[in-house]
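Shown next, in structure tokens, is the structure this report addresses.
Derivation of every value follows stated rules applied to the coordinates shown; laboratory data play no part. Bear in mind that the values here come from a model prediction, so they are computed numbers and not experimental data. Every residue, glycine among them, receives a Cβ derived from its backbone with ideal geometry; neighbour counts consider all protein chains shown.
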Amino acid sequence: MKDNFQIILIFVFIVAAIFGLLVFSGTIPLGGDDGELGQGSVVLWGTFRAELVNSLLEEFNRENPTFVVQYVQKNPDTFDQDLLEALASGVGPDMFFLPDNLAFHYKNKIAAIPLQSYSSSSFKQGFAGAGEVFLTSQGILALPITIDPMVMYYSRDMLDANGVVYPPNDWTEFLAVVPVLTKKDDTGKIGKSAAAFGHYSNVSHAKDILSVLFMQLGNRIVKEDGGRFETDLGVSIGPDNLPNALRFYTDFADPGKSAYSWNKSFPLSRDFFSAGNLAFYFGYASELANLLNKNPNQNFQVAEIPQIVNSGFKSTGARVTGLAISAFSKNPNTAFIAAGKMTSGNFAARLAQNLGVVPARRDLLAQKPTDSFSPIFYASALYARSWLDPSPKDTNDIFRKMIESVLSGTLGPAEAVSDASAKMSLLLNR
């Protein structure tokens, strides 16, 4: 009896959420201005610092006087557990900032926006491609609000001192400058490094960097087929394939290769870069402020991620945040209306600015700031991509073992990718 009640309750909430979307989209008019504008209050959860959000919400609420959005800051370390417990007890938020790497985890607890109400083509016209991590055949899991693209920070001092005029545009150019910028003593010990590739534990964003190499080959890592999510790692055809990309990455840790520039003795790559000993650091736009603060005297700039020579497209990685509506919201109509307004207007642009990232809407991306770094961030966000991670902790382990098995000689690159594919399939189907 209790189970039947819970099923009915969930069904009612989902129907209410869909009804709210139809109102928001104009498909179902309520007949009154207040209803169409939203009413009452909704609670928004997220891990962003309250001072970065609340000032924006004050203005947002003034501009939308028929409803109020209240923000609750949650601890990033306990956000997942807090949200699950709150939803289970019926006291959760109406909406929440959803990181792309939790979208798969929460897909059954989100009031997905039906594609009949918000078409796939409209979504793609409105948002940059990275936002499509929330776009499924079953509906839209969240409305994208910010994109944090992966870029290449580089030491101007190291490049200038070695006669490297411009940072590399493609991986062929990148490989050519690695021996020039990597400095070794008479015993072969590296003092200054060109690139922190090859290992996992001391390479910041190792999984993300390897993901970029895979995505630049056109691999989606995780794909959807008829409503089922499957790994794409098993698709590896032609000379430019995933095992070769994995071998490319691990060659930077092989003393016998000309690309050798990194080993286990080094500190975390981000710290090595800030100390002035690493030429290229692959990180996110949101890291700029920390990099500037860590070493105010460091002379560095930013460039787009190198691409494959003669590739028909460009790709880099991204962290995407969206606004998701809880399937258990008690005010789904207003939550949908608020989410639509927050992701499409001044709130999204100013939130991205506060966070040091980039807005997800294409019309906002067209308004590029003119400082030294933002033009690269905005350009990168347009061709950035993400993937639906079934479990960040588990996929971290999968990518770590994929890299380390090749370095140890336990598996060849093809076997390591095949093993990772099998493990990813288990994650997606458990």
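Each of 56, 110, 158 was scored by the projection of its Cα onto the charge dipole of the chain, and the greatest displacement toward the positive side belongs to 158; charges sit on the C-beta of Lys, Arg, Asp and Glu. Beta bridges per DSSP, both residues in the chain: antiparallel share near 70 percent.
Rounded to the nearest 20, the Cβ-based charge dipole of the stretch 204-346 about its Cα centre (Lys and Arg +1, Asp and Glu -1) stands at 360 debye.
Here's the picture: charge each Lys and Arg Cβ at +1 and each Asp and Glu Cβ at -1 in the stretch 360-405, and of 378, 366, 402 the one pushed furthest to the positive end of that dipole is 366.
In deg cm²/dmol, rounded to 500, what helix-only [θ] at 222 nm does the chain give when every DSSP H run of at least 4 residues adds -39500 (n - 2.57) and the total is split over its residues? Please list the in-between numbers first.
Working: 18 runs with 185 residues, N = 430.
Calculated from helices alone, the mean residue ellipticity at 222 nm is -12500 deg cm²/dmol.
When you restrict to C-alpha pairs under 8 Å that are six or more residues apart and normalise by the size of the stretch 319-417, the relative contact order lands at 14 percent.
Work out, step by step, the length gained on full extension between residue 160 and residue 314: first 0.36 nm times the residue separation, then minus their alpha carbon distance; give nm to one decimal.
Gain on stretching residue 160 to residue 314: 52.7 nm.
Among the listed pairs 223/257; 189/264; 207/341; 207/314; 207/423, a Cα-Cα separation exceeding 23 Å is found for 223/257; 207/341.
Distance between the modelled labels on residue 294 and residue 73, one decimal in nanometres: 2.3 nm (7 Å Cα→Cβ projection).
What is the local net charge at residue 182, summed over the other residues whose Cβ is closer than 12 Å to its Cβ (Lys, Arg +1; Asp, Glu -1)?
Working: positive: 183, 184, 189, 192, 257; negative: 185.
Within the 12 Å Cβ shell, the charges total +4.
Separation of the stretch 296-349 and the stretch 178-221, taken as the distance between their Cα centroids, equals 26 angstrom. Fully extending the segment from residue 220 to residue 363, taken as 0.36 nm per residue of separation minus the present Cα-Cα distance, adds 48.9 nm.
By the rule of a C-alpha distance below 15 Å, with chain neighbours fewer than 8 residues away ignored, the aspartates and glutamates paired with residue 183 are 157, 160. Ranked for footprinting exposure by Cβ neighbours inside 10 Å, fewest first, 211, 374 give 374, 211.
All other residues whose Cβ lies under 13 angstrom from that of residue 101 are scored, Lys and Arg at +1 and Asp and Glu at -1, for a net of -2.
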